[in-house]
Every structure is written in structure tokens, then in C-alpha cells.
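Written out below as C-alpha cells is the structure these notes cover.
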Amino acid sequence: MLEVRAVTVDFVGLRAVDHASFTVEKGQIVGLIGPNGAGKTTLFNVVSGLVRPSSGSVMFEGKDLSHLGPADRNRMGIGRTFQVVKPFGGLTVLDNVMVGALTRGQGPAEARETARVTLKRLGLERFTDTVAHSLPLALRKRLEVARALATGPKLMLLDEIMGGLNPTEVNETLSLVQELNAEGLTFLVIEHNMNAIMRIAEKVLVLNQGAVLIEGPPAVVTRDAQVISVYLGEPIESA
Amino acid sequence: MPIKSASLTSPSGQRIAFAVALVLLLCVPLVIRDIYWLDLGITVLIWASLATAWNISAGFAGGLSLGHAAFFGVGAYTSSLLFLRLGITPWIGVFVGALLAGALGALLGVITFRLKGPFFVLATLAFGIVVHIVNVNWRDLTRGAAGLLLPFRGGPQNMLFPNLWAYWYTGLGLLVLTVGISIAIERSRLGYYLVALREDEDAARSLGVRVVRSKVVAAALSAALAACAGAVYATFIQYIDPDSTTQFELSVQIALVAIVGGMGTTLGPVLGAAIVIPLGEILRARVGGGPALVVYGFLLMVIVLAAPNGAIAGVRLIGRRLRRLMDSGRKADA
């Protein structure tokens with residue numbers, strides 16, 4: 001479904017992503033992990049179209065996305081959240097989600113309905129008329145997901161949506177991802193919560209200094225000596 | 001349970017409030033017979049429309065334009081020149097001017113959509129100044145600083161009226177048109193896109209909002225409506241020159257009116273015109289000259305400091321307090 005081919009991103013004096021290649025198959029949940037500064041979010045920006053790679057390409061459902069901007073990529077079925085949340089602060093929660101539904105081609109009335117259904121699904125319906133910037137961070141993260149879901153994506157890029165959540169909330173989020181996945185949505189997930197990602201991911205990619213260090217099933221990846229040394233520094237017990 | 005009354009913020013309450021306001025405005029010429037006040041009222045209507053037009057690109061989309069006098073001028077000159085040179089009635093000229101200004105607005109939108117903050121402001125400012133310079137120097141077409149005098153010919157079919165009340169209704173029609181379009185945009189898909197882009201462009205794009213299309217359409221609509229105001233202004237004053245149509249000070253005044261009233265809201269610019277225009281006029285008449293400008297500037301500062309989100313925010317706050325007061329009064333009765 002998604003194919004990232006030898007993507008390199010050079011910022012001034014810094015190679016953020018270094019010949020990264022990987023694929024995500026339809027129906028998978030793929031985890032993307034790596035230490036801070038490994039280039040995970042930059043890679044997301046390349047896939048969603050906010051950053052143009054210095055070289056390499058991104059294919060989605062067999063089509064080259066190189067010449068498409070973020071809006072067109074979203075309309076093709078790529079939804080994303082932002083690690084540093086970007087709510088439309090002055091708008092209500094409902095209006096935030098409506099924007100996502102409107103770009104699917106729905107009219108305002110229909111989009112409002114889609115937004116309500118989406119909010120309910122994410123347990124945000126109590127905050128329908130709350131102005132987005134007054135939501136606490138955990139809920140703003142959920143709003144990110146709601147907004148992206150409302151666009152009706154085929155592939156969802158989640159950028160650390162579990163940071164700062166308590167264990168109950170993490171569990172809720174994991175079940176939601178699995179539920180949506182069962183309904184056919186494909187996921188690429190950046191996550192620092194190792195325990196969480198290992199529970200849901202079918203495949204895990206480890207990014208280090210911009211390059212894909214290793215990819216494979218969670219159990220294999222966590223046992224890899226290289227991963228342990230560069231990323232974790234010490235063995236994981238809970239996996 | 002509090003009794004549900006049609007509040008001003010509910011859709012039905014809004015419709016009632018608009019209807020009441022419209023009826024009141026329709027009655028104004030019947031009540032106000034004094035030419036001076038009616039004249040001032042017409043000026044307020046034109047400015048309210050102009051600020052509303054500005055607000056579509058600046059308030060909703062967040063691109064603070066300091067070049068909107070250019071579109072006002074294009075509207076005023078297009079309809080006046082079509083009338084003077086080709087005998088085409090301003091009733092048609094207003095739409096030709098709107099089309100021309102709309103195209104110019106779209107062009108400016110295409111050039112500036114990438115620019116942010118002060119860079120966008122400077123680009124629009126430069127654009128306005130260029131149009132003004134062209135206006136002053138293209139004497140063959142515009143007669144430059146000499147200006148254009150609209151001869152009183154033909155009457156109503158040429159948007160030229162022997163009495164002020166007819167101008168009042170023309171101005172009111174203009175205001176209903178601009179506010180109507182402004183409300184329609186606010187509730188449409190485009191309105192949501194513009195506000196989303198204003199709040200966070202990257203997030204909006206990632207949700208499928210197309211930046212160029214949305215911003216260019218907004219810029220074109222805004223410019224076209226500003227041109228309509230220009231055309232009506234020209235037939236009302238019957239004399240236009242670069243100083244009264246395309247000058248930089250005018251662009252600042254447009255922004256000022258909308259900001260004082262509350263940019264980004266539908267009624268803010270209208271309220272702003274109702275405050276700023278009479279204030280300037282009364283000071284000019286009573287105090288006069290330089291001192292008037294000093295007092296004017298001072299009062300504007302006071303208003304902006306007292307209501308940083310615009311006068312409309314203050315009005316809403318008072319409305320909410322009154323409602324709460326009434327609600328508690330009702331509870332006390334029961």
C-alpha cells in the first residue's frame with residue numbers, strides 16, 4: 001500500500017533521513033520507533049507531503065506521490081496526526097473535525113453529522129462545543145485522531161498519540177486502533193511507549209540517525225542486539 | 001430548567017435579529033430628515049460594506065491586507081469610466097468593476113498566498129501603492145489627479161438620484177449583498193477552510209484543504225465586493241480622484257474599521273463602521289483640523305485597548321451579562 005523508496009532528507013548541514021526504504025502492506029499496523037532525532041517525524045512529513053525529500057520517492061497504492069501536496073495526498077487516503085498537536089485553536093471541537101469531513105466532499109450538514117459520529121467514537125462528544133485550545137493535551141491528541149479519521153483515510157499515520165496518557169487511556173487508544181484496523185484501516189505508528197507498540201504492531205521499523213536499522217516482528221526487533229545498544233541502551237523486560 | 005428563549009446566538013434568534021435590524025434600517029430615511037445625518041449614514045453603509053469585503057480575506061483567511069483601496073478604486077473608476085466614455089449605466093458598471101477587481105484580487109492572491117504575516121502585509125501594501133501610482137499617472141484613462149466628475153444625467157437608471165434616501169437604499173442594498181455573501185461564505189465549506197488555514201496551515205493541508213484554491217477564491221470575492229462599494233461610492237459622491245479612492249490612507253482606514261469592530265466576525269466590520277466613521281466625521285465637524293485627528297487617534301487607541309477583540313466582542317459580553325441578569329431575575333420571580 002505504502003512504499004517508501006530510498007528517501008533522503010537533507011536539512012542545512014544535517015541529514016535527517018538517510019536512504020530510508022520500507023513498505024506498509026494493506027491492513028497492517030506498523031510501528032516506527034527510534035531514539036529522539038532519528039528522523040521519524042521527518043519521515044512522516046515526507047509521506048504526508050509537508051517535506052519534499054532531497055532524493056527518493058513515496059508510492060501509495062502504486063502511484064508516485066512526488067508531485068502531490070499534502071492536501072491531495074490526504075484526498076488519496078493518507079491521514080495523519082501531529083506529535084506537536086495543531087488544533088484549530090479558535091474553533092470548537094466539532095468544527096475542527098468538520099474540516100476533515102468537508103474535504104471528503106461532504107456538504108456542511110453532512111460533515112457535521114460525520115463529525116458527531118467521529119467524536120462519539122473517540123469519546124469526545126462531551127466536548128463537542130468546547131473551544132479546541134481549552135482542551136487538555138491528552139484530549140487535543142485525541143482530537144488530532146478524530147480530525148484525521150473524519151477525512152476517511154485508508155492509511156493513518158499516528159505520531160506519538162499515546163505520550164502523556166495514563167495506562168487506562170493507553171489501553172483505550174490501543175483498542176480503538178485495533179478496532180479501526182479490523183475495519184480495514186492501515187496504520188503506521190510512531191510511538192515511544194514500547195510496551196504499547198509491541199502489543200499492536202505486526203511489524204516494527206527501527207530508525208536510527210535517519211536510516212532504517214532493522215525491521216521485523218516486534219519479538220525479533222526487541223531481541224536484536226543492535227537495537228538494544230543504539231536505541232534502548234539496555235534490554236527490555238516487559239516485551 | 002431555565003426557560004429556553006430564542007437567544008441571539010441561536011440560528012432562529014439570529015434570523016429574527018437580522019430581520020429586525022433590516023426593518024429598522026429600511027425606516028431610517030422616514031425618520032431622519034436631516035440631510036447631514038442621512039449623508040453620514042450612507043457613508044457608514046458604504047464603509048460597512050467595504051470593511052465587510054476586506055474581512056472576507058483578512059478576517060476569515062487571516063491575510064491582513066493593506067492594499068484594499070486598490071480594489072475600491074478599480075470599482076469606482078471602472079463603473080465611472082464606463083458611464084462617462086461609453087454611456088454604460090453604473091448598474092452594469094458595478095458588476096464589470098467587480099469582475100475586474102476580482103480578477104486582480106485573484107492575481108494578487110496567486111502571488112501572495114505563500115507569504116506569511118508581515119511579508120503578506122507588505123506585499124499588499126506595495127500592490128496598493130502601485131495601483132495608486134498607476135491611477136495618478138495614467139492620465140489618458142483616469143485623468144490623474146484632476147479626477148472624474150460624474151455629470152447628473154438620466155437619474156435612477158444610472159444610479160444617480162436627486163434625493164438622498166435613494167442613495168440610502170442603494171447603500172443598504174450593497175450592505176445586504178456584502179453581509180449576505182459574508183455569511184454564506186462563513187457557513188460554507190470555503191469558510192471552514194479559510195478559518196482552518198488561518199488557525200494552522202499545515203494541519204489544514206494535511207486534512208485535505210487546498211491552500212491556493214481557498215485563498216485565491218477568498219481574495220477574489222473580497223476584491224470584487226470592495227469594488228462594488230467603490231462603484232456605489234462614486235455615484236454617491238459623483239466625483240472621484242486618486243486621493244479619495246486608491247490612496248494608502250484609505251487602505252489603512254478599511255483595516256482599521258474592521259479591526260475596531262472585530263475582524264473575523266460577520267458583524268464586526270459593520271459595527272466598526274458605525275463607530276469609526278461617525279466618530280471621525282463628528283470630530284472633524286466639531287473640533288476640526290489637526291486637533292480632531294489627535295483626538296480621533298486617541299479615541300481609537302482607547303477603543304482598541306478596551307476591546308482588543310473588537311467592539312463586537314464587547315457587545316456580545318454585555319449581551320451575555322444581560323441575559324444572565326434576566327435569567328436570574330426570572331428565577332427570583334419563580
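Below are the figures for this structure:
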| quantity | calculated |
| --- | --- |
| Residue mean of other protein chain beta carbons inside 10 Å, A:91-101 | 4 |
| Carbon/sulfur fraction of accessible area - the stretch A:79-152, other protein chains in place, 1.4 Å, % | 51 percent |
| Kirkwood Rh (inverse of mean 1/r, distinct Cα pairs), the stretch B:11-333, angstrom | 20.4 Å |
| Relative contact order for chain A, counting Cα pairs under 8 Å that sit 6 or more residues apart, in percent | 26 percent |
| Above-threshold pairs, the threshold being 29 Å between Cα atoms, out of A:63/B:116; A:26/B:116; A:40/A:154; A:40/B:215; A:154/A:203; A:154/B:116 | A:63/B:116; A:26/B:116; A:40/B:215; A:154/B:116 |
| Angle in degrees between helix B:90-112 and the longest Cα principal axis of chain B, rounded to the nearest 10 | 80 degrees |
| Proximal lysines to residue A:141, defined as alpha-carbon separation beneath 16 angstrom and excluding residues fewer than eight positions away on the same chain | A:86, A:120 |
| Net charge over other residues, Cβ less than 13 angstrom from the Cβ of residue B:55 (K, R count +1; D, E count -1) | 0 |
| Accessible solvent surface per residue of chain B, calculated while the other protein chains remain in place, 1.4 angstrom probe, Å² | 48 Å² |
| Candidates B:102, B:191, B:63, ranked by Gaussian network fluctuation over chain B, Cα under 10 Å, top entry | B:191 |
| Sites residue B:146 and residue B:99, calculated FRET efficiency, Cβ-Cβ separation with R0 35 Å, nearest 0.05 | 0.85 |
| Calculated FRET efficiency for the pair residue A:110/residue B:304, C-beta based, R₀ 41 Å, to 0.05 | 0.55 |
| Nearest-10 value in Å² for the accessible area of residue A:220, using the 1.4 Å probe | 80 Å² |
| Given charges at beta-carbon only (K, R positive; D, E negative), |dipole| of chain A in Debye | 520 debye |
| Top of A:177, A:17, A:84 by mean-square fluctuation, Gaussian network on chain A, Cα under 10 Å | A:84 |
| 10 Å Cβ neighbours from other chains, averaged over peptide A:60-72 | 2 |
| Heavy atoms of residue A:169 accessible to a 1.4 Å probe, total area in Å² rounded to 10 | 50 Å² |
| Average beta carbon contacts from partner chains per residue of B:193-204, 10 Å cutoff | 6 |
| Whole-number accessible area per residue in Å² for chain A, which is evaluated in the context of all protein chains at 1.4 Å | 42 Å² |
| Ranking by accessible area, most exposed first, for B:239, B:193 with a 1.4 Å probe | B:239, B:193 |
| From phi via Karplus (6.51, -1.76, 1.60), per-residue ³J(HN,Hα) for the stretch B:283-295 in Hz, x at Gly/Pro | 4, 4, 6, 8, 9, x, x, x, x, 4, 5, 4, 4 |
| Protein heavy-atom accessible area occluded, A/B pair - total, 1.4 Å probe, Å² | 1900 Å² |
| Sequence-distant residues sharing a close amide H with residue A:212 (under 5 Å, placed H) | A:21 |
| Ratio Rg/Rh, restricted to the stretch B:78-203 and using Cα atoms, in which Rh is the Kirkwood radius | 1.05 |
| Rounded accessible area of residue A:141 (nearest 10 Å², 1.4 Å probe) | 20 Å² |
| In the stretch B:5-94, trypsin sites (Lys or Arg not before Pro) in a DSSP loop with at most 12 other beta-carbon atoms within 10 Å | B:33 |
| Alpha carbon Rg of the stretch B:12-62, scaled by the compact-globule rule 2.2 N^0.38 Å | 1.44 |
| Ranked packing of A:51-57, A:95-101, B:275-281, most packed first, by mean Cβ within 10 Å | A:95-101, B:275-281, A:51-57 |
| Accessible surface ranking that places the most exposed of B:228, B:27 first, with a 1.4 angstrom probe | B:27, B:228 |
| Estimated inter-spin distance, residue B:84 and residue A:55, nm [label 7 Å along Cα→Cβ] | 6.4 nm |
| Extended-chain gain in nm, criterion 0.36 nm per residue less alpha-carbon gap, residue B:153 and residue B:116 | 8.6 nm |
| Stokes-Einstein D (µm²/s) once Rh is taken as the Kirkwood radius of the stretch A:79-152 over alpha-carbon pairs, at 4 °C in 1.567 mPa s | 111 µm²/s |
| Per-peptide average of other Cβ atoms within 10 Å, ordering A:111-123, B:201-213 highest first | B:201-213, A:111-123 |
| Highest-MSF residue in chain B out of B:310, B:264, B:319 [GNM, Cα springs under 10 Å] | B:319 |
| Portion, in percent, of the accessible area of chain B that falls on carbon or sulfur, probe 1.4 Å | 71 percent |
| Calculated P(r) of the protein assembly as shown - Cα pairs past 38 Å, % | 43 percent |
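The values are calculated or read from the model by the stated rules, or taken from the named source; none is laboratory data. This one's a predicted model, so the numbers in the text were calculated from it and none came from an experiment. A quick note on method: Cβ atoms are made from the backbone with ideal geometry, for glycine too, and the neighbour counts reach across all protein chains shown. Note: accessible area is taken over every heavy atom of the protein model, side chains too, but ligands, DNA and RNA are not part of it. Shrake-Rupley method; radii C 1.70, N 1.55, O 1.52, S 1.80 Å.
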